[in-house]
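To start, the structure itself, in structure tokens.
The values are calculated or read from the model by the stated rules, or taken from the named source; none is laboratory data. The shown structure was predicted, so the numbers you read here are calculated from the model rather than taken from an experiment. When we count neighbours, we look across all protein chains shown, and the Cβ atoms used for this are built from the backbone with ideal geometry, even at glycine. Just the protein is used for accessible areas: all its heavy atoms, side chains included, with ligands, DNA and RNA removed. Shrake-Rupley method; radii C 1.70, N 1.55, O 1.52, S 1.80 Å.
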Amino acid sequence: MSDKETDLAAKAMKDRYVNIYPLDAHRMKLVGILPTEYGVAIAQVLARETGRAQAAGDGRNCAQVAADTVLEALTGVSDPASFPVQLGVVMTDRTLFQGHPEPAYLQGYGIISAQKARELFAGNPANPLDSLVRASIPLRAPETWSPWTRRPACFPAG
């Protein structure tokens, strides 16, 4: 390998990254730049898993199988409906308990609808005892509260 090739390979390794960011109200985008050997290894795994799913008569398309494979590889859980996740959702008590339409804030994402926040708070409706929600309840009226005026409390989801 020439010095130039060695330098490019070292730069590829040094400059590798993966990032995730909001795309719209219901999706996030995962992007990255990887050295060739990393990319080839990932492509081989995704092709193998896609082939297995199609051979088994799986109803998902190739892109869905790939997305689910990445999710399982990163979280260790194959059923997205059952994996534990800690979400930082900030919403007013009116939004949570009174059905107010005021949007909420999802940490690491941004503004989400009040309905989506309530769904996240509810957890897994199929088995509500599997979910335990740690909530931050405002101590003062929503118009005057800030992130420093919260009190932690635990509630079973559902």
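Below, the figures for the structure above:
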item	result
Per-region count, the range 37-51, residues over 29 Å from K11 (Cβ atoms) and of a type in the set (V, I, T)	1
Any hit, the range 52-68, residues being under 30 Å from K11 (Cα atoms) and surrounded by 11 or more Cβ atoms within 10 Å (Cβ to Cβ)	yes
Residues (exposed (fewer than 11 other Cβ atoms within 10 Å of the Cβ) and closer than 15 Å to Q64 by Cβ) located in the range 27-51	R27
Among (1) at negative phi; (2) under 22 Å from the mean Cα position of the chain (by Cα); (3) at pLDDT below 55 - the single one G158 does not satisfy	(1)
Filtered residues of the range 11-70 (kept if of a type in the set (S, T, N, Q) and either touching a residue at least 60 places away in the same chain (Cβ under 8 Å) or over 28 Å from A104 (Cα atoms) (or both))	T36, Q44, T50, Q54, N61, Q64, T69
Test: residue in the range 82-91 that is at pLDDT below 80 and in contact with an Asp or Glu (Cβ under 8 Å, 6 or more places away or on another chain)	yes
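This table checks each residue for (1) of a type in the set (V, I, T); (2) at pLDDT 80 or above; (3) open to solvent by 60 Å² or more (accessible area, probe 1.4 Å).
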| position | (1), (2), (3) |
| --- | --- |
| Q98 | no, yes, yes |
| P103 | no, yes, yes |
| L106 | no, yes, no |
| G110 | no, yes, no |
| G123 | no, no, no |
| A126 | no, no, yes |
| S131 | no, no, no |
